[in-house]
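The values are calculated or read from the model by the stated rules, or taken from the named source; none is laboratory data. As the structure is a prediction and not an experimental result, all values here were calculated from the model. Keep in mind that these areas ignore ligands, DNA and RNA; they rest on the heavy atoms of the full protein, side chains included. Shrake-Rupley method; radii C 1.70, N 1.55, O 1.52, S 1.80 Å.
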Amino acid sequence: MAQHFYGDGTLFPVLAAANHIADPNVIQVGRSLLIPELGDVGHHTVVAGETFWELARRWYGEAQLYPVISFPNHITDPDHVEVGRVLIRPGLNYRHTVVPGDTLRALAEDHYGNAEMFAMIAAANHIADPNRITVGQVLFFPNLTNF
């Protein structure tokens, strides 16, 4: 899959991390996959104290997605981020795991600053009834930074 989408089979950890795949050699037939955009979609200059884990949490909602940042930037040691280095910021939708009390309207307000965008979140997550989300459900928030 990495060879097909990126022209580089060694980038398979990006796909595995983005899709929470423990064994990258086994993908369930029919499973939908999130394919991070690794092109020139944005840049970030590293400042003191930043880590890939913190950047992944801030940009994508999950620290475990750090390979989505480290691999496209050809960084082999994700524990070391050089201050001042300019990183490409791969495009990937923000994720949120539903907790008790969450509603799509409240999440839309928190993420986009507009509660009425709840319908877009519902559509992006194939949710037929936007009033019904379940605790533990992982929601994707479309990245609107380039719109």
Measure of compaction for region 1-124 (Cα Rg per 2.2 N^0.38 Å): 1.15
Accessible area per residue in Å² at 1.4 Å probe, computed on region 1-108: 55
Value at 222 nm in deg cm²/dmol, rounded to 500, when DSSP H runs of n ≥ 4 in the chain each add -39,500 (n - 2.57): -7000 deg cm²/dmol
Apportionment of accessible area to carbon and sulfur, the chain, percent (1.4 Å): 54
